[in-house]
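Notes for the one structure printed next.
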Amino acid sequence: MLELIAVAKSFGKTQVLKPTSLVLEPGKTTVLIGPSGCGKSTILRIMIGLIEPSEGTVKFDGVALTPGNIMLMRRKMGYVIQDGGLFPHLSARDNVGLLARYLGWDKQRVNERLEELAKLTRLPDGALDRFPSQLSGGQRQRLGIMRALMLDPDVLLLDEPMGALDPLVRYDLQEDLRGIFQSLKKTVVLVTHDMGEAGFFGDTVVLLGGGEIVQQGTLADMIHTPANDYVTRFINAQRLPGVEPKEVATS
Amino acid sequence: MRSIVSLTVFPAALLLILASIAAAETPNLPLVRVGSKSSIENVILGEMLTLLADQASGDARHQSALGGTQIVFAALKKGDIDVYIEYTGTLSQEILKGQRVRSDDDIRAALAKLDLVMSQPLGFNNTYALGMKADVAEKMKIQTISDLARVAKSSTDPQFKFGFSDEFLKRGDGWPAVKVLYQFDNVPTGLDHSLAYRGLHSGTLLVTDLYSTDPEIAKYRLKILDDDLACFPEYHAVILYREDLKDRAPQVLQNLLKLEGKIDNSAMMEMNTRVRIDHDRDVNVAGDFLLSKLKIETQSGEEKKWVVIGRDFVRNTTRHLLLVFCSLSAAVTVALPLGIWAYEYPKVTHGILGIVGIIQTIPSMAVLVFMVPLLGLGVKPAIMALFLYSLLPIVRNTYAGLNEIPANLKESAIVLGLSRQARLYLVELPIASRSILAGIKTAAVINVGTATIGGLIGAGGYGEPILTGIRLADVSLLLQGAIPAALLAVVVQGLFELLERLVVPQGLRLARGD
Ligand SMILES: Nc1ncnc2c1ncn2[C@@H]1O[C@H](COP(=O)(O)OP(=O)(O)O)[C@@H](O)[C@H]1O
Ligand SMILES: [Mg+2]
């Protein structure tokens, strides 16, 4: 499946990601969590080839990603960003169907797939024929997910997909998304800075700090057997209900 | 990217330019082509040459009012015209400058090397002169510039005022030369020529500079002071023609040379007066002169004014549209790929934007002076100049429109797995379409205005009546060009607003709330 082998990234002289290895468990959801600027997006962007790692390799099904094969590899992955990244000049339908049409699918096949995905993501009727600017934030995000799923990729990468939504919309979408991930058995990487969300989605939670992986496991592991004070402070800061803050040396 | 460029048509652009030019040029050239610079005097004499040439051959055309000396001389050298009226002073001081020509024989020798010939002088000498009101001059007993210098020295009269045009004040053969030679120590004021005449009339000025055939000399009853120390260079009018005219049309040449020595200063001034002050048509004035002075009867067909206006309007409109359309379509086909390149390759961004920016700053007159020797007269150099001026807005807006697309949208297209080309055509260009179209609109509107330079090089269009109107101080003629040009700009603007509805995707217009 997808794995990082000793991948590091520097911008100029600053190393934002120390050499990091990570294997994604097929069919499971891995959550990347950590404070802002710790390198979560950078890892995702390396996985989809938006940026190249300074060191190390990314392998997809055992094949190393290269500039030569990245375009084809991307078609086996779906990538969702905050607010969906929908193209303003295309209707919702054309946004979702763009790549499939480009690859030569006929109209009927595209439309059948669209109906299927609309049902799956519980997109309201009629939304497909509107333009992004005419849709709500939650609807735009559902379309972003439909677009990522269009070619039925093996891997889904989501970078704070719910970051811009208000709590009630966010709650519904979280429920729907987890249902989708589980029923489709996708290999998912989801970035968040919200521990509650991480626990809700994550089969595995990866806590990042200072450009490296600090602890990797279940949410319960982190609460009960934190690897160090940084983990404890991070958990305390989330004010999870039912979890008493633990003592740490003040920083 | 390479495929995009090959797709986008450098070859198509060239074809388009060539085809449109071929369509615009008149295929059957007349036997004799007369040119003229755009001053009243030169256009009258150009008409006169044309009448004479037509009488002898029945096949002559006047490329009237072709802008400045450089353009007309270049056209003569290139063979786009066969003959025009020039001045000996202009030949020695300007055209053959640097070749140290002094006498008329020097000029002839230098011209012979270019296969050009100059006739004997026509008679009048249109040089700088100093003039004052005739009655005042008589009262002050001033006949010559030396008299003036003497009186000026001894005068304490505060009214003793000199007012000269800025050109005369600056030119080496103008006031600086007079001042030294005649030893003036007055300090003249610089002012516009038309104001100077009024100043003389009202008495606030005593002396101004003139051209010795200006119609105002008669109108304001001015006296030209005798240049007794021969300070001003001589500007004798001559016929300048291509040597091959002798073999190609000997009869015509013989007829033209009948003008040698026949037009003196007062005759020329009278003709200038009839056109400039009385608004007679230049062709009639030229025909009358030939009839009365040379007993040569020529036909200058009289036509009803409205017929002429209507026919000219249709012709100018067609030509103006042709200039704008050809130059704009060529510019779009070249500028669009350039803008895409500038966006695509950061290394060439500065180069491309810099070069089209510099082109924009070259004055249109300079572009024409450069183009005429290469492309001749007519629509070709005009289209070329307009084409060059259209590049900047289109290149710049294409580049800016692509460059300002938010990074997350560009990345969304990348991560989908679209090829570079597909991203450009399916995502980036449509999103930038509003900006690109705005650039083309700007170019089109500017083009409608700039196309009036066509009047300077015989390309036609609304520039023709505008420039003639300016030359003749004929407001109604000027408006016959200026009003349609302004209306056309408005129409073009409107057309582009309609086009925007067709070209700019609905989603983008919704997103902006219009
Ligand atoms: N293109 C870039 N150039 C320079 N620095 C960058 C760039 N992209 C990200 N960074 C820096 O790398 C660090 C990690 O960024 P990112 O992966 O986006 O963090 P986050 O965990 O919040 O998603 C940040 O300090 C950020 O400023
Ligand atoms: Mg981030």
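The values are calculated or read from the model by the stated rules, or taken from the named source; none is laboratory data. If you're wondering where the values come from, they're calculated on a predicted model, not measured in any experiment. Here Cβ is always computed from backbone atoms with ideal geometry, including for glycine, and neighbour counts include all displayed protein chains. For accessibility, only protein heavy atoms count, side chains too; no ligands or nucleic acids. Shrake-Rupley method; radii C 1.70, N 1.55, O 1.52, S 1.80 Å.
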Exercise for the section: Go through the residues of segment B:438-448 one by one and say whether even a single one is surrounded by fewer than 23 Cβ atoms within 10 Å (Cβ to Cβ), touching a Gly at 6+ places or on another chain (Cβ under 9 Å) and at pLDDT 95 or above. Expected result: yes
Problem - Where A:L90 falls short, out of the listed (1) open to solvent by 60 Å² or more (accessible area, probe 1.4 Å); (2) more than 22 Å from the chain's Cα centre (by Cα); (3) within 12 Å of chain B (Cβ to nearest Cβ) - result: (1)
Handout entry: Tally of residues being free of Cβ contacts under 8 Å to residues at least 60 places away in the same chain and under 12 Å from B:M132 (Cα atoms) across segment B:176-201
Key = 4
Practice task
May I ask you to list pairs of residues, at least six apart or on different chains, whose Cβ atoms are under 8 Å apart, with the first in segment A:25-52 being away from ligand 2 (no atom under 12 Å from the Cβ) and the second being of a type in the set (F, W, Y)?
Solution key: A:T29/A:F181; A:T29/A:F201; A:V31/A:F201; A:I48/A:Y79
Handout entry: Some residue of segment A:67-86 being hydroxyl-bearing (S, T, Y), under 18 Å from B:L418 (Cβ atoms), open to solvent by 10 Å² or more (accessible area, probe 1.4 Å) and within 22 Å of the chain's Cα centre (by Cα)
Key = yes
Practice task
Kindly provide the set of residues from segment A:67-81 that are at the interface with chain B (Cβ under 8 Å from one of its Cβ atoms) and in a loop (DSSP other than H, G, I, E, B), ordered by number.
Solution key: A:R75, A:I81
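Restricting attention to segment B:488-513, report how many residues are among the small types (G, A, S) and at the interface with chain A (Cβ under 9 Å from one of its Cβ atoms). Quick ask: steps written out before the conclusion?
Taking segment B:488-513 and keeping what is among the small types (G, A, S), we get B:489, B:494, B:507, B:511, B:513.
Still in the list and also at the interface with chain A (Cβ under 9 Å from one of its Cβ atoms): B:507, B:511, B:513.
The number of residues fulfilling the criteria is 3.
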Handout entry: Test for A:A198: is it within 16 Å of ligand 1 (Cβ to nearest atom), part of a helix (DSSP H, G or I) and free of Cβ contacts under 8 Å to residues at least 60 places away in the same chain
Key = no
Exercise for the section: Answer with yes or no whether A:S10 is in contact (Cβ under 8 Å) with a residue 40 or more places away in the chain, farther than 20 Å from A:G62 by Cα and more than 16 Å from ligand 2 (Cβ to nearest atom). Expected result: yes
Problem - Within segment B:5-105, helices (runs of 4 or more DSSP H) holding 1 or more residues that are at pLDDT 90 or above and farther than 27 Å from B:R276 by Cβ - result: B:40-57, B:69-78
Practice task
Go through segment A:20-50 and give me each residue that's within 13 Å of another protein chain (Cβ to nearest Cβ) and open to solvent by less than 30 Å² (accessible area, probe 1.4 Å).
Solution key: A:L44, A:I46, A:M47, A:I48, A:G49
Handout entry: Residues of segment B:144-175 classified as assigned to a loop (DSSP other than H, G, I, E, B), open to solvent by less than 60 Å² (accessible area, probe 1.4 Å), out of contact with any His (no Cβ under 7 Å at 6 or more places or on another chain) and in contact (Cβ under 8 Å) with a residue 12 or more places away in the chain, total
Key = 3
Handout entry: Residue in segment A:53-65 that is nearest to ligand 2 (Cβ to nearest atom), counting only those that are open to solvent by 60 Å² or more (accessible area, probe 1.4 Å) and assigned to a loop (DSSP other than H, G, I, E, B)
Key = A:S54
Problem - Candidate set: segment B:316-375, residues that are touching a helix residue (DSSP H, G or I) at 6+ places or on another chain (Cβ under 8 Å) and polar (S, T, N, Q); chosen: the one surrounded by the most Cβ atoms within 10 Å (Cβ to Cβ) - result: B:S327
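Residues checked against (1) outside any helix (DSSP H, G or I); (2) more than 9 Å from ligand 1 (Cβ to nearest atom):
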{"residue": "A:E3", "(1), (2)": "yes, yes"}
{"residue": "A:K9", "(1), (2)": "yes, no"}
{"residue": "A:Q15", "(1), (2)": "yes, yes"}
{"residue": "A:E25", "(1), (2)": "yes, yes"}
{"residue": "A:P35", "(1), (2)": "yes, no"}
{"residue": "A:T42", "(1), (2)": "no, no"}
Fill in the blank from the handout: Conditions (1) modelled with pLDDT under 90; (2) open to solvent by less than 30 Å² (accessible area, probe 1.4 Å); (3) part of a loop (DSSP other than H, G, I, E, B) -> B:L200 fails only (3)
Problem - segment B:383-414 - residue that is among the polar types (S, T, N, Q) and at the interface with chain A (Cβ under 10 Å from one of its Cβ atoms) and, of those, most open to solvent (accessible area, probe 1.4 Å) - result: B:N408
Exercise for the section: Please determine, by comparing only the residues of segment B:415-429 that are open to solvent by 40 Å² or more (accessible area, probe 1.4 Å) and not basic (K, R), which one is nearest to the other protein chains (Cβ to nearest Cβ). Expected result: B:L426
